[in-house]
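Asks: Could you have a look at this structure, given as structure tokens, before my questions?
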Amino acid sequence: MQLGIRLHDVKKSSLEERVRIAKEQGFACAHVALSKLIDEYPTDDGALTPGFACYLRDLFRKNDMDMAVLGCYLNLANPNPDSLRKIQKRYLAHLRFASLCGVGVVGTETGAVNEKYQFEEANHSEEALKIFIENLRPVIEVAERMGVIFAIEPVYKHIVWNPKRARQVLDAVNSPNLQIIFDPVNLLSMENYEDREAVFEEAMELLGEDIAMIHIKDFVIRDGIMDSVAAGTGLMNYDRIMKFIKERKPYVHVTLENTVPENAVQARKFIQEIWERS
């Protein structure tokens, strides 16, 4: 396991300083979402040049860190045709950029049937799944040409909301360049969190072969609402997940989510202790 962090969760500073801090805090890799990291210069499609890619590659090499994933979390089921074209174009730019800077994975969630990217019951419909798969195909074609993994992250509120739906997408698209980001907490809701061990087991059974990387966070229930928090500060038990990683995913990138600068190191140590005894 190579344990990392979302770079935009590191103390707000320059890109270069955030990478340095992450390394000093003991992380081996980072989730990179350019639009959330950089204010001082553009990160639009036209800014993702080969020179920028080389600079980013060398910055991480200098700090002896991996870029685990290039995050681009946009709605591939957006019902507005103009917005959808821009979103697909954005993904293609990220895939090209990833191929140049040495990032193996471009990551995304799986959208909603409305422009606001919000939950509605229709997200879980078969029609929504059909739309998502159709809009995903041209992105995967470019991923194949670029030699980059495009990894989807199942989320309960989105279109690919459970392990079975994720398996359907993988089988329908049938590409070696389409894989999974496994975020256990994102598979949970108020309806199923008490059965979470069964949910996680199903995900590892159905998707295990195709899991490219893993996100780790925790959750709490406050006033009937589920909130995501840093690892070790909620209700999660990671023993089975760490066992899965140890048995089946050597050196996989595992990035912490929902940390803040004050608890990132504590969360890292908490997960590492479970890993060492698993």
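Readers should treat all values here as calculations from the given coordinates under stated rules, not as data from a laboratory. Predicted model only: the values in this text are computed from it and were never measured. Cβ sites come from the backbone with ideal geometry, for glycine too, and all protein chains shown count toward neighbours.
Asks: Taking the Cβ of residue 179 as the centre, find all other residues whose Cβ is under 11 Å away and add up their charges (Lys, Arg: +1; Asp, Glu: -1).
Replies: Once all neighbours under 11 Å are counted, the net charge is -3.
Asks: Let me ask another. Could you sort the peptides 229-239, 166-176 by per-residue average Cβ neighbour count (10 Å cutoff), highest mean leading?
Replies: Numbers: 229-239: 18.4, 166-176: 15.7.
Top of the packing list down: 229-239, 166-176.
Asks: Moving to a separate point now. Can you list the residues, at least 5 places off or on another chain, whose amide H is less than 5 Å from the amide H of residue 256, using H built in the peptide plane?
Replies: Counting only residues 5 or more places away or on other chains, the set is 4, 5, 6, 216.
Asks: Amide H to amide H, which residues 5 or more places from residue 159 or on other chains are under 5 Å from it, using H placed in the peptide plane?
Replies: For residue 159, the qualifying residues are 110, 111.
Asks: Further question on the same structure: So in region 2-277, what percent of DSSP beta bridges are antiparallel if you round to the nearest 5? Could the numbers behind the result be given before it?
Replies: Working: 5 of 31 bridges.
Of the beta bridges lying entirely in region 2-277, close to 15 percent run antiparallel.
Asks: Starting with the highest mean, order 69-78, 40-49 by the number of other Cβ atoms within 10 Å, averaged over the residues of each peptide.
Replies: Going from most to least packed, we get 69-78, 40-49.
Asks: Check the straight Cα-Cα distances from residue 89 and name the aspartates and glutamates below 19 Å, setting aside those fewer than 8 residues away within the same chain.
Replies: The reachable aspartates and glutamates, counting only those whose Cα sits under 19 Å from residue 89, are 44, 45, 109, 115, 134, 141, 144.
Asks: Also: Label residue 55 and residue 82 with points 7 Å out from Cα along Cα→Cβ: what is the distance between them in nm?
Replies: Each label point is offset 7 Å from its Cα along the Cβ direction, giving 3.2 nm.
Asks: Can you grab the distance from the C-alpha centre of region 197-260 to the C-alpha centre of region 42-95, Å, no decimals?
Replies: Between the Cα centre of region 197-260 and that of region 42-95, the gap is 25 Å.
Asks: Multiply the residue separation of residue 164 and residue 130 by 0.36 nm, subtract the distance between their alpha-carbon atoms, and state the gained length in nm to one decimal.
Replies: Roughly 10.8 nm would be gained on extension.
Asks: Given springs between every Cα pair under 10 Å in a Gaussian network model of the chain, which of 138, 184, 154 has the largest fluctuation?
Replies: Most flexible of the set in this elastic network: 138.
Asks: Determine the sum of side-chain charges near residue 215: Lys and Arg each +1, Asp and Glu each -1, restricted to other residues whose C-beta is under 10 angstrom from that of residue 215. Mind dumping the intermediate values first?
Replies: Working: positive: 6, 217; negative: 153, 183, 257.
Every neighbour counted, the sum reads -1.
Asks: Continuing with this model, one more query. Would you please give the residues with an amide H less than 5 Å from that of residue 183, counting only those at least 5 places away or on a separate chain, with H modeled from the backbone geometry?
Replies: 215
Asks: With θ set to phi - 60° and the Karplus curve 6.51 cos²θ - 1.76 cosθ + 1.60, what are the ³J(HN,Hα) couplings of region 6-23 in order, to the nearest whole Hz, using x for Gly and Pro?
Replies: 5, 5, 6, 8, 6, 3, 4, 6, 5, 3, 4, 5, 5, 4, 4, 5, 4, 5
Asks: Under 29 Å between alpha carbons, and skipping anything fewer than 8 positions from residue 249 in its own chain: which lysines qualify?
Replies: Partners found: 23, 36, 62, 157, 164, 217, 269.
Asks: Given R₀ = 30 Å, FRET efficiency for residue 220-residue 14 by Cβ-Cβ distance, to 0.05?
Replies: Rounded to the nearest 0.05, the efficiency is 0.40.
Asks: So what is the calculated 222 nm ellipticity per residue for the chain, using -39500 (n - 2.57) for each DSSP H run with n of 4 or more, over all residues, to the nearest 500 deg cm²/dmol?
Replies: The helix-only estimate for the chain comes to -13000 deg cm²/dmol at 222 nm.
Asks: For residue 105, what charge total do you get from the other residues with a beta carbon under 13 Å from its beta carbon, if Lys and Arg give +1 and Asp and Glu give -1?
Replies: Values: positive: none; negative: 66, 153, 210.
Charge balance near residue 105 sits at -3.
Asks: Additional query: With θ set to phi - 60° and the Karplus curve 6.51 cos²θ - 1.76 cosθ + 1.60, what are the ³J(HN,Hα) couplings of region 33-44 in order, to the nearest whole Hz, using x for Gly and Pro?
Replies: Running phi through 6.51 cos²θ - 1.76 cosθ + 1.60 with θ = phi - 60° gives 10, 4, 5, 8, 9, 10, 10, 7, 8, x, 10, 5 Hz.
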